[in-house]
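Encoded as structure tokens, the structure appears first; notes follow it.
The values are calculated or read from the model by the stated rules, or taken from the named source; none is laboratory data. Keep in mind it's a predicted model, so treat the numbers as computed, not measured. Cβ placement follows ideal geometry from the backbone for every residue including glycine, while neighbour counts extend to all protein chains displayed. For the accessible areas, the whole protein counts, side chains as well, though only heavy atoms, and no ligand, DNA or RNA atoms are used. Shrake-Rupley method; radii C 1.70, N 1.55, O 1.52, S 1.80 Å.
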Amino acid sequence: MASPAALQRSPTSTSSSPLHRLSTFKNPSSNTAASPPPPSSLLDSFAKDPILSPFLSPSFSSTSFSSAALSSGSPASTAEHLLQAIRQLDSQLRSHVLSNHPLLLTQLSSLNNAELSLSTLRSSISSLQSSLRRVRSELSEPHNSILSKTVQLSNLHRTSELLSHSIRAIRLSKKLRDLMASCEAEPDKLDLAKAAQLHSDIFILCEEYELGGIDMVDEELNAVREIGNRLRSEAMKVLERGMEGLNQAEVGTGLQVFYNLGELRGTVEQLVNKYKGMGVKSVSVALDMKAISAGAGGGGFGPGGIRGTGTPQIGGSGKAREALWQRMGSCMDQLHSIVVAIWHLQRVLSKKRDPFTHVLLLDEVIKEGDPMLTDRVWEALVKAFAMQMKSAFTASSFVKEIFTNGYPKLFSMVENLLERISHDTDVKGVLPAVTSEGKDQMVAAIETFQMSFLASCLSRLSDLVNSVFPVSSRGSVPSKEQISRILSRIQEEIEAVQLDAQLTLLVLHEISKVLLLIAERAEYQISTGPEARQVSGPATPAQVKNFALCQHLQEIHARISSMITGLPTIAADVLSPSLGVIYGVACDSVTSLFQAMIDRLESCILQIHDQNFAALGMDAAMDNTASPYMEELQKCILHFRNEFLSRMLPSTANATTAGMETICTRLVRSMASRVLILFIRHASLVRPLSESGKLRMARDMAELELAVGQNLFPVEQLGAPYRALRAFRPLIFLETSQLGASPLLQDLPPSVILHHLYSRGPEELQSPLQRNKLTHMQYSLWLDSQGEDQIWKGIKATLDDYAAKVRVRGDKEFSPVYPLMLRLGSSLTESAPASQKS
């Protein structure tokens, strides 16, 4: 048996226990000493008792409690304890009843009164039910009578409405038949829209009021249906006629008829699908090679005279080619007609409103988010055209060859189609038939043939260039005829596509590649090395070859530039890089020769410093012969003219007077300018310079001007270098005091003036050349790399050194040259032209 402690662990609750409910009773007498304990204290004592506490639990089980009591070892004491508790509870209950005795009696009296009230209520309810049965019997007969009359009235009313609507339908039908009959003699005067409205009103009336099943009405409806079929047929004829003739009135009439019939959307969809089918079929027929060959008179090679590879038999290809182009032309015309017709239909739909409801017809056909009619048709046409072109390119070598070689014609057809559509549908306030994206899609459909055409163009030109400039034979130089053949072929390629700007640009891109190929091959042919740069002897074979290459490239550059003269600027932009490469290679072929000649002439000019320009006396002044260095310079220039320029510039004078400057002309101009600049530079460095030396130098200048002008380039066309030479000659004869205000200074670089002033100064005023212990050649190279501002810094340093020496000596006066050089240096460098400063 379980111990009391184990029983005490059982869960306890006082909320729903019977013992808890007893706690509501109270003792009748609170003054009695033997009164039982209050309910709350009694229950609390039970909760603390290990034996009684399980009875307060809501999950109390008598079987479990009995089993635990028997196994505890003292069931008798447990039973006694339970009896004691029962007695306490009985005492508590008795006390509670006695204390609430008056209240219980009052509640019992209330129950008796309620019983009496219920008895009275039952009697009243029975009387009420009897009255209701009597009223029901009295009202049922009038109610049934009214109900029957109401049904009769409703039937009469409905019958009356049916008769009324039937009569109206019959009248409308008669009116429609009369309208149709009145125009039997003159069908053109039939008001289709009015007849369609009557037709629609009749069927709407019959459907709304359910007139079907009435024999007479059904007979009329059969006649109306036949009239409706006739109206649809006539309206479709008018609509299609209006679309073909672009007649807005006829299209509007046809659309109004179908709108009145309630069939506008379906009819428009039917028309769009019909025209789609026509366009797709026209594209398919245009590329039907069997039909083309049959029409060209082929035979003996299968259906239509076509070979197994899709190529017409020999002799029929010319006719088949012509037939193909004719079919393509017819196809373009039909596509144009289809697109314009659909656009015209869409235009009328977007303008016409129903005269009664004012509904825009386009809103009935196209809902929000739906594509426009022209977009649907164009998408189908482009898709079919692209598929047929792709199929023709891969399946028929004959069509591929024709459309590849004749791509400009094919492209022109497509462009003409797009242009015609744009022109014919260009109406203010109306959407065009084809958008720019749609046009691009059509052009993209033939892009495969475009790529093949451009590849073929590049291949033709590249093969010609490879034959003229073979890689295997480096020493050979193309003839003028071969160069002319290349240029003629390039011109043919441009002329074949010049009617279309876009295609011209594409071809020019391919020509640009060919020009780069020419430049590459020509560059490979150029001879280099000592033989190409020698200027002392006659022209070597290597130099002659370089001259020929230069002239060929010059010819190509000039001819190509003239070809694109009449083309838009963008065409020149396409070829400019490749033409620049051609020009650069042409220059490279002879630049080394010209540079070698410039170096040779500069070495002659450097000999001016070996001459004695400080000699005094009348003998030196009266000597009319040129200086030895100048004679050598003249011989070199004449030799260069006879041996080299005569080969490169056979008509230099003519070219110059005509305003045309070739590559060689530009190089000769540059060389002539360089010779004058170098002479003026080194002449200004001559020190000392006597009066007789000035006369001798002036004669040398005249000889130089004559040699350059007669053998190289007209000196008056050299610009600044020639003006500097003409200004330097009288400048050397001016007094030092006159130099500062002389207008000759404007035509001379500041460095030349300042260098010349050293010849007028004392020995202790060293030039930058002397101060830095440089050779004349080294100083000349330094001058080439410096601007006038940097040269002035070097001169200023020598002036500062001179001033320091004078101050150290204690002298108070400077040479007149010193302040003049300071003033001229600062002012001339500020006002010198940019060309002289650079």
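The table for this structure:
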{"read-out": "Peptides 463-469, 586-592 ordered by average Cβ neighbours within 10 Å, highest first", "value": "586-592, 463-469"}
{"read-out": "Burial ranking of peptide ranges 199-205, 68-74, 810-816 (average Cβ count within 10 Å, highest at the top)", "value": "199-205, 68-74, 810-816"}
{"read-out": "Reach of LYS175 by Cα under 17 Å, taken over lysines that are not fewer than 8 positions away in the same chain", "value": "LYS189, LYS194"}
{"read-out": "With DNA, RNA and ligands ignored, accessible area of TRP782 (1.4 Å probe; Å², nearest 10)", "value": "90 Å²"}
{"read-out": "Pair-distance profile P(r), taking every C-alpha pair of segment 672-781, with 5 angstrom steps and integer %", "value": "2, 11, 23, 23, 20, 14, 5, 2, 0"}
{"read-out": "J(HN,Hα) series, segment 119-125, from Karplus relation 6.51 cos²θ - 1.76 cosθ + 1.60, nearest Hz, glycine and proline x", "value": "5, 5, 5, 4, 5, 5, 5"}
{"read-out": "Fraction of the pair-distance distribution of segment 724-786 above 16 Å, Cα-Cα pairs, percent", "value": "51 percent"}
{"read-out": "Principal axis dimensions, segment 514-569 - Cα atoms, whole angstrom, descending", "value": "47, 20, 14"}
{"read-out": "Gyration tensor (alpha-carbon) shape descriptor, segment 63-128, a/c threshold 1.5", "value": "oblate"}
{"read-out": "Reduced Cα scattering model of segment 500-637, Debye log10 I(q)/I(0), q = 0.11, 0.17, 0.20, 0.22 Å⁻¹", "value": "-0.60, -0.92, -1.09, -1.20"}
{"read-out": "Rg and Dmax of segment 698-838, Cα atoms only, in Å", "value": "16.2, 56"}
{"read-out": "Whole-Hz couplings from phi, Karplus 6.51/-1.76/1.60, listed for segment 737-746; x for Gly and Pro", "value": "5, 8, 5, x, 9, 6, x, 5, 4, 5"}
{"read-out": "Helix-only CD estimate at 222 nm, as mean residue ellipticity for the chain, using -39500 (n - 2.57) per DSSP H run (n ≥ 4)", "value": "-24000 deg cm²/dmol"}
{"read-out": "Semi-axis lengths (Å, descending) of the ellipsoid that matches the C-alpha gyration tensor of segment 99-153", "value": "52, 11, 4"}
{"read-out": "Heavy-atom accessible area ranking, 1.4 Å probe, most first, across ARG327, ARG353, ARG171", "value": "ARG171, ARG353, ARG327"}
{"read-out": "Surface share of carbon and sulfur [accessible, 1.4 angstrom probe, percent] for the chain", "value": "55 percent"}
{"read-out": "Whole-Hz couplings from phi, Karplus 6.51/-1.76/1.60, listed for segment 98-110; x for Gly and Pro", "value": "5, 6, 10, 4, x, 5, 5, 5, 5, 5, 5, 5, 5"}
{"read-out": "Segment 742-802 and segment 213-234: distance between their alpha carbon centers, rounded to Å", "value": "116 Å"}
{"read-out": "Area of ARG647 that stays accessible when all protein chains are in place (1.4 Å probe, Å², to 10)", "value": "110 Å²"}
{"read-out": "Volume of the Cα convex hull of segment 755-803, divided per residue and given in Å³", "value": "74 Å³"}
{"read-out": "Segment 41-100: equivalent-ellipsoid semi-axes (sqrt of 5 x gyration tensor eigenvalues, Cα, Å)", "value": "24, 13, 10"}
{"read-out": "Stokes-Einstein D (µm²/s) once Rh is taken as the Kirkwood radius of segment 51-168 over alpha-carbon pairs, at 25 °C in 0.890 mPa s", "value": "104 µm²/s"}
{"read-out": "Modelled FRET efficiency - R0 45 Å, SER561 with SER603, Cβ distances, 0.05 increments", "value": "0.75"}
{"read-out": "Nearby lysines by direct alpha-carbon distance to LYS796 (threshold 30 angstrom, same-chain neighbours under 8 apart not counted)", "value": "LYS694, LYS773, LYS805, LYS812, LYS837"}
{"read-out": "Distribution of pairwise C-alpha distances over segment 345-424, 5 Å bins, in %", "value": "3, 12, 13, 17, 13, 11, 9, 7, 7, 4, 2, 1, 0"}
{"read-out": "Three-way shape call for the chain based on the alpha-carbon gyration tensor, with the a/c threshold at 1.5", "value": "oblate"}
{"read-out": "Cut-off under 5 Å, modelled amide H: who pairs with SER57 long-range", "value": "SER13"}
